[in-house]
Structure formats: C-alpha cells, structure tokens
Amino acid sequence: MNDHPAFPITLAYFPDYRAANPVQSQLYDRLPLMILPKPSTVKDIGALPGHSSVFHLHWEDAVLRQPGTTAEGFLDDLHAFRGRGGRVIWTIHNLAAHDPALEVRLADLREGLFQLADVIHLHSLPAVAAARQRWTLPLHKVRVIAHPSYDGQYPQADRKDARAALGVEDASMVVLLPGRIAAYKQPQALIGAFLAVAGPQDRMVVAGQLDAGLVLPKPTDRRIILRTAHADATEVAALHAAADFIVLPYQLSLTSGSALLAATLARGVLGPDCPGLRDAVVSGLTGTLYPEGGLRAALATALAEGPEVWLTRGKAARSAMAGRDPAMLAAGWTDLILGLARSKIGS
C-alpha cells in the first residue's frame, strides 16, 4: 500500500453548480491545503494524472447534458482514470433525474458508476434506505456524510423590510416555494391547493427560474405572487425572511438542500414524508411532514396554525443546524479523500 501520496491531491469535481447551490463551496472551501479542489468537465478526465487524483461526481444527469457525451464514453474515461491510479467518488443527490426524458439513458450510466466508483456517498440514512429500495447498492462502497448547513452563504434579512419589498406587509400568512421551479416540485398542484384553503389575506410566493418546457399561467388571483427571475443570495434571504414557512411538495427527494437552506435561515418546512425531508425536518418540531395525498389538508392546518407556531418551528430548525457545521463535515471529507489517495485499486 502506498502510504505517502504526492501532495497536493487534485480533487476534480463535476458539475460546478456553486453559483446556484453553495453546497459545493461549503465542502471544498474548507478542505486543507494538501487537497486542491478544482472545477472540472467531463472532457478533463483524460488529462488527470491518476496518481493522487480524485474525481468527485455530483448530479450524474449533468454528464448526459454535455454536448457529444455518452454514458459509454464517460465510463470508459473513468475506467482509464482508475487504471492510472485515480479514485472516484459519486455523490447520489436524487432518486431520479428532474428531467424524466433522461431516465432511460441514466440507467446505463448509473449501472457503470455502481461498478466504477470507489466511494458512493449519500447524505443520510433515510437516503441509503431509499436508494437500496430502488437499486442494488454495493454497500461496501457506501459512505454517509451529512449535507452541511448554509451558514455564511446568505445575509440576514429584516422581516418587515422584506415583506414591504414584496408588497405583503399586511398579509396574514406568507408561504414560499423557493428555488428552481420544476415539475417535480408540483407547483401547479401546490397553487391549486393553496387557493382552495387560503384565507383572503394569505399569500403564496413562487420564486425561482422556470425549468425549460414548464409553463405556469400568469396568476389571476392576487394571493399568488410569481417571480420567475433568478434570485441572488440577498434576494433569497429576503424571500425567506418574508415567509412564515417554506413549502416543498416534492414527488421524490433524496436530499433537500432547499429544506436545509430554510432551516439555516430559521424557517420551518411543510412537505411530504419522503427521504430527503425526513432527514432535514423533524415533524412537529421544525416543520410538518404529511402523508401521500395529504398536501391540501396539511397546508390548511399550517395556515391556520398562524405565524407564532411557525416562528417557533423556524427557531428550532435553526438550532438543529448546529449538527451540520460545514467545518466539522469537511473534516470527514478530508479523512475520506486522504484515505482514497493512499489506497490501492482493488484493496
């Protein structure tokens, strides 16, 4: 066994989603100087030296979004990289691609990754359980390191100012659906449920960039506020400050960065009892998890509970983020990466 890898260890990662999701910054910015993280592309794998190099793949559907890239070609490059002594970490973020059209092509890619990856990383035990129900996981490769909080990535925003900027200063309850507006978040079903149960002074804010191909009709009810432009960190913080709680009506979720962002910004979450939210939300304490088909009833109850109940849940959610300190979790990643760099293929 080679106990003395050459330093620095190159940690190439793909895709680079730091501009949209600071989770990668929370991890990579806290690694020691002996590990050199750098954003990569699928074309860069062939140029990586192998020895003392680690390739970290997130969101595997991004591979198939690259022009001219096939699952077979990408896997061949990974195989050659490992043959040169490189190591591969694959973080599984989702049970399925947000774009259903990619699912058939992703099956072959995932099958190859289960074989080639040296480490298969998931963020929680509920995620492991859900992944095992869908796939045959090579359990000896699985490692669990929690998703960090977003501490330090977003400014503090004043609730009164944020509500005034949105024009909801006189609202009774304000509900926020944040982040990318995609079909898997069921925005139309959520809007319909809200309009059915909300009072005249309640408001729902749907804020984020629309997925390609998704059309949301312009709201005709003044209780719905639709903002489809990209929001920077300051705007995201203000939207959360204006809201009483966050609603995330996912169809599938293995890891929910949106729920953890809400908790970081002291907001409780309403969502279905799925693995990603089960990891991030303690129902009754930091939010509410409802059973399948229970969105409308849960939303009606949440609105009736009022702002003070949800303020208390938001504070509890914020306190829970102490267990997701980014520096602490980066230490676990450091141990994992150094161990990989010292290991032999097949050992």
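Quick notes on this one:
- Candidate set: the range 189-213, residues that are in a loop (DSSP other than H, G, I, E, B) and touching a residue at least 12 places away in the same chain (Cβ under 8 Å); chosen: the one surrounded by the most Cβ atoms within 10 Å (Cβ to Cβ): Gly208
- Residue within the range 314-330 that is assigned by TED's automatic domain parsing to the domain that holds Arg180 and either of a type in the set (Val, Ile, Thr) or part of a strand (DSSP E or B) (or both) present: no
- Within the range 149-190, considering residues that are β-branched (Val, Ile, Thr) and modelled with pLDDT of 95 or more, the one farthest from Ala96 (Cα to Cα): Val168
- Residue that is in contact with a Cys (Cβ under 9 Å, 6 or more places away or on another chain) and either modelled with pLDDT under 95 or not small (Gly, Ala, Ser) (or both), where the choices are Leu289, Leu340: Leu289
- Scanning the range 161-188 for residues that are assigned to a loop (DSSP other than H, G, I, E, B), crowded, with 18+ Cβ neighbours inside 10 Å and free of Cβ contacts under 8 Å to residues at least 60 places away in the same chain yields one hit, Ala171.
- Flag for Ala131 being surrounded by 20 or more Cβ atoms within 10 Å (Cβ to Cβ), in the same structural domain as Ala20 (by TED's automatic domain parsing) and either at pLDDT below 95 or not aromatic (Phe, Trp, Tyr) (or both): no
- Helices (runs of 4 or more DSSP H) wholly inside the range 8-100 containing at least 3 residues that are surrounded by 14 or more Cβ atoms within 10 Å (Cβ to Cβ) and touching a His at 6+ places or on another chain (Cβ under 7 Å): none
The values are calculated or read from the model by the stated rules, or taken from the named source; none is laboratory data. Since we're looking at a predicted model, the values are computed, not measured. Because the Cβ atoms are built from the backbone with ideal geometry, glycine has one as well, and the counts that use them run over all protein chains shown.
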